Structures are given as structure tokens and as C-alpha cells.
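The values are calculated or read from the model by the stated rules, or taken from the named source; none is laboratory data. Just so it is clear, the structure is predicted and the values come from calculations on it, not from any experiment. A quick note on method: Cβ atoms are made from the backbone with ideal geometry, for glycine too, and the neighbour counts reach across all protein chains shown.
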Amino acid sequence: MKKSYFGDFGGQFVPELLMPPLFELEKAIAEIVHGPEFQRRFAELLADYVGRPSPLYRCPNLSADTGLNIWLKREDLNHTGAHKINNTMGQALLARMMGKPRIIAETGAGQHGVATATAAAMMGLECVVYMGAVDVARQAHNVRRMELLGTTVVAVHTGTKTLKDATNQAFKDWIANQRTTHYCIGSVVGPHPFPTLVRDFQSVIGREARSQFAAKTGGDLPAAVVACVGGGSNAMGLFHEFVPHASVRIIGVEAAGSGEPGCYHSASLCKGTPGILHGAKTQLLQDADGQIEPSHSIAAGLDYPGTGPEHAALKASGRATYVCVNDAQAFAAFKILCRREGIIPALESSHAVAYVLDNVSAFAPGDHVIINLSGRGDKDLDIVEQLLKAEQKG
Ligand SMILES: Cc1ncc(COP(=O)(O)O)c(C=O)c1O
């Protein structure tokens, strides 16, 4: 298999001008990231700054309600409130060790933007974050947080004004400023070596979950691991450790939007087709001419018309199953987690919770199911308020 591919997916479908920084990055990964000094500093940052390990928590009430053993991997308890910080600490440290004074990022929900701004502030790097104008409006708190951290947020007004358009803009910046700048991509997407780099930085989630599960239950492996999939980084972070263990079911949950026929959604694995987006061959939402179709989800972080190539390969091989959950199901699960466990989840993570709660019969009674709680819901309170008002109006 070619090293830049996962099965038939991945690769480097980029303009020639992007090849030099991709080569430089690949070399830096081999020489810096795989070296002991980087690994020591990264482990120290994850422990002392991010607050790892994040707990693995058995939900007593949801377990009683469903007859399953439901476990949450609490990435919401990380510094900045989501899994995104695992990756940005790694990439910012790499940028510093490469001697790059500036980092750029794209963001949808704003969580990756906040996590990049945080890492940049802490490591003394200049930081610019591109964000679709629609997302700037619906994630205003995160824009304020980034600005407080000293980052410049650039609103992108092209296309659907969401994550895809922000990513296009970030690639343009990288082409123009490659000598001084590292592009801190926010998920397991983009051209090689990004999908592998981001997965490796996030794979701490699955390693911890496995050893915590063994320590708490005396058992070896859970029956299933479940995570929401936008670009796919929290999911790959959890899944990677379990892929070689065939007894563990791997379930990725995509956003079905409103769920009505003909509606926009973000289910590129369930409903998309193979094509090329942001430098990689993957599953995506496109029309018959290969033009990218608009995506939608109430969860801004899932609102992306593509997904990481490793997920496309896991689906093609049958090792992982991908399902989708609509906005209403995710919102119902959001409320249940608030009321039954005292945890306010991100709307993204609520999709993964919803799949398990709505499909209890897909598991055997007593099965141990680990759900990745990828982030906390504070950023979503404005959207939740609107949804509650709409519900009251009936
Ligand atoms: C809390 C949370 N979960 C999930 C995602 C989706 O990203 P990914 O699929 O890369 O984990 C996001 C993206 O912003 C997020 O903020």
C-alpha cells in the first residue's frame, strides 16, 4: 500500500505549490515528532496543561435506563472543553520545534480555533484562524475566546460560509506563507501526512480508554466504541486503538440534518460518494458533476461535506459501521444527558449519545459501550435556547 493512502483513500491531490510544505512536514514528522524530545514534551503538555488523562465515566442512570453499561470518555473535561486541544498542542509544539513563528487554522464550531489560539498563546506563536461567516454568527462565544487569546479571526464569506470555505482559505494562506507558517489542520482530513499526524495526536483517547476500561472492569475490551464523525478526529482518536480487535464493534455517527427527504445533511460516509476534497480522496457530498454540495447540521462541528480518508477506508473494508442521527434525535439526547447525568454535552457529541439511546436493541443486554464525549455544550447554549423556544411554540 502507498504510504499516503488508507486502502483506496487519501493521497495528496494538491496544487504543485503545496508539495514543498507537505514534504517539509513529512520530514519534520520523521525527525521531530518521532523523536524522544518531542514525545517527552508532548506527554508533559497533555498531562499538565490539557489535564489528561480524561476520565472514563460509567453513567449510572443511562445504564439503568437502557440495560447497557454506558461509558463516556470525558474529552469535555479537557482544557478548552473538547478533544481538539490534543491535536493543537501537538501541532503547535511541532511548529515551534520546526522554527515556524506563525500558525493558521480553519474552524467550524470554533473549538479547533479556540484550541489552536490557546496552544499559540502558550507557545508564543502568531495565530490566524479562518472561520465561515455563518459559523462566526452561530459560535460567537468562541470567536470572543479566540480574540481574548490574541488570535486574529478572519470571517470567510465565500461559498456556504462554513467549514469547507474556511478550509479553502487556510490552504490559500499556507501557499502564500509557507516559509513562516504551519497549517494546524483541525481534523483527520486533508492531504497526507495530515490525516495520520492528527490521528496519532488524538490516539491518546483510545489508549487511555482501553486501559481505564480494563482497570475499572477487569475485562479486556468493550463490546463497542461509538463517536460522532465530522472530519473524524475524535472518532479516529478513539477507534485507532480498537481497530485490530475484531470483537469490538466500531460505530461512527454522522449528522443527518433535519432528516427530511431532500434536506441538507453532513452524512458523507452514509450517503456520499468517493471524490476529492481538500487534497484527499475520500467520501463526500457532491453532485453528478463533482461539485461539492452544501452540508447542514445543528452541530457546527459536524457541518462539513467530507470526512477523513481513514474513515472512508474503514467503511469500505467493513471494519467500522457508519450510521446517522438527525438534529431532533441529537437534541433529545442532549437534554437526556443534561437531566439524567448532569452533563451538558456538545451538540456534536450528542449525536453519538443519541445513536446508542435510540438503538439499545442493536446491543446485547449488559454490553459495555464506550461513547466519546468529544466536547462540552457551553458553546451551544444560544442554539439550544432557540431550539427550546421553537419547541415551546410547538
Ligand atoms: C465537540 C466537537 N466534537 C466533534 C467535532 C467534530 O470534529 P471531528 O470529527 O474532527 O472530531 C467538533 C468539531 O469542531 C467538536 O467541536
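Taking only segment 357-378 into account, find how many residues are at pLDDT 95 or above and either within 16 Å of the ligand (Cβ to nearest atom) or outside the structural domain of Ala224 (by TED's automatic domain parsing) (or both).
Residues in segment 357-378 being at pLDDT 95 or above and either within 16 Å of the ligand (Cβ to nearest atom) or outside the structural domain of Ala224 (by TED's automatic domain parsing) (or both): 8 in total.
Only one of these conditions is not met by His79: (1) under 30 Å from Ala333 (Cα atoms); (2) in contact with a strand residue (DSSP E or B) (Cβ under 6 Å, 6 or more places away or on another chain); (3) away from the ligand (no atom under 12 Å from the Cβ). Which number is it?
(2) is the only condition that His79 fails.
Does Phe194 qualify as being within 16 Å of the ligand (Cβ to nearest atom), crowded, with 24+ Cβ neighbours inside 10 Å, aromatic (Phe, Trp, Tyr) and not assigned by TED's automatic domain parsing to the domain that holds Phe13?
No, not satisfied.
Only one residue in Thr116, Thr162, Thr152 is away from the ligand (no atom under 16 Å from the Cβ) and touching a residue at least 12 places away in the same chain (Cβ under 8 Å). Which one?
Thr152
For segment 30-59, give me each residue that is charged (D, E, K, R) and more than 20 Å from Asn234 (Cα to Cα).
Glu31, Glu37, Arg40, Arg41, Glu44, Asp48
From Glu31, Glu26, which residue is more than 16 Å from the ligand (Cβ to nearest atom), touching a residue at least 60 places away in the same chain (Cβ under 8 Å) and surrounded by fewer than 22 Cβ atoms within 10 Å (Cβ to Cβ)?
Glu26
Checking the conditions here, which among Ala109, Ala105 is modelled with pLDDT of 95 or more, farther than 25 Å from Leu221 by Cα and either in contact with a Gly (Cβ under 8 Å, 6 or more places away or on another chain) or of a type outside the set (A, V, I, L, M) (or both)?
From the options Ala109, Ala105, the qualifying one is Ala105.
Among the candidates Phe38, Phe42, which residue alone is within 21 Å of the chain's Cα centre (by Cα), crowded, with 17+ Cβ neighbours inside 10 Å, assigned by TED's automatic domain parsing to the domain that holds Met98 and away from the ligand (no atom under 16 Å from the Cβ)?
Of the residues listed, the single one that is within 21 Å of the chain's Cα centre (by Cα), crowded, with 17+ Cβ neighbours inside 10 Å, assigned by TED's automatic domain parsing to the domain that holds Met98 and away from the ligand (no atom under 16 Å from the Cβ) is Phe42.
Within segment 293-302, can you find the residues that are near the ligand (Cβ under 9 Å from one of its atoms) and part of a loop (DSSP other than H, G, I, E, B)?
Ala299
What do you reckon, is Ala312 buried (at least 22 other Cβ atoms within 10 Å of the Cβ), away from the ligand (no atom under 13 Å from the Cβ), part of a helix (DSSP H, G or I) and under 16 Å from the mean Cα position of the chain (by Cα)?
Considered against the rule, which asks whether it is buried (at least 22 other Cβ atoms within 10 Å of the Cβ), away from the ligand (no atom under 13 Å from the Cβ), part of a helix (DSSP H, G or I) and under 16 Å from the mean Cα position of the chain (by Cα), Ala312 comes out as yes.
What is the residue count in segment 279-292 for residues that are closer than 15 Å to Phe9 by Cα and either within 13 Å of the ligand (Cβ to nearest atom) or part of a strand (DSSP E or B) (or both)?
5
Say whether the condition of being within 16 Å of the ligand (Cβ to nearest atom) and touching a residue at least 60 places away in the same chain (Cβ under 8 Å) is met by at least one residue in segment 211-224.
Checking segment 211-224: not a single residue is within 16 Å of the ligand (Cβ to nearest atom) and touching a residue at least 60 places away in the same chain (Cβ under 8 Å).
What single numbered condition from (1) in contact with a Leu (Cβ under 9 Å, 6 or more places away or on another chain); (2) outside any strand (DSSP E or B); (3) of a type in the set (A, V, I, L, M) fails to hold for Ala354?
Every listed condition holds for Ala354 apart from (1).
I'd like to verify a number: residues in segment 227-248 that are assigned to a loop (DSSP other than H, G, I, E, B) and either more than 14 Å from Pro309 (Cα to Cα) or more than 6 Å from the ligand (Cβ to nearest atom) (or both), how many?
9
Rundown of residues vs (1) of a type outside the set (D, E, K, R); (2) in the same structural domain as Val360 (by TED's automatic domain parsing), yes/no style:
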| position | (1), (2) |
| --- | --- |
| Gly11 | yes, no |
| Ala28 | yes, no |
| His34 | yes, no |
| Arg58 | no, yes |
| Asn61 | yes, yes |
| Ile70 | yes, yes |
| Gly110 | yes, no |
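Hey, can you tell me all the residues within segment 335-352 that are more than 12 Å from the ligand (Cβ to nearest atom) and either among the basic types (Lys, Arg) or surrounded by 23 or more Cβ atoms within 10 Å (Cβ to Cβ) (or both)?
Of everything in segment 335-352, those that are more than 12 Å from the ligand (Cβ to nearest atom) and either among the basic types (Lys, Arg) or surrounded by 23 or more Cβ atoms within 10 Å (Cβ to Cβ) (or both) turn out to be Lys335, Leu337, Arg339, Arg340.
Looking at Ser295, Ser350 in this structure, which one is among the small types (Gly, Ala, Ser) and modelled with pLDDT of 95 or more?
It is Ser350.
So is Thr217 polar (S, T, N, Q) and assigned by TED's automatic domain parsing to the domain that holds Gln39 or not?
No; evaluated as a whole, the condition is false for this residue.
List the pairs whose first member sits in segment 89-111 and is at positive phi, whose second member is buried (at least 23 other Cβ atoms within 10 Å of the Cβ) and at pLDDT 95 or above, and whose Cβ atoms are under 7 Å apart, counting only residues at least 6 apart or on separate chains?
Here the result reads Gly110/Met131, each pair linking segment 89-111 to a residue that is buried (at least 23 other Cβ atoms within 10 Å of the Cβ) and at pLDDT 95 or above.
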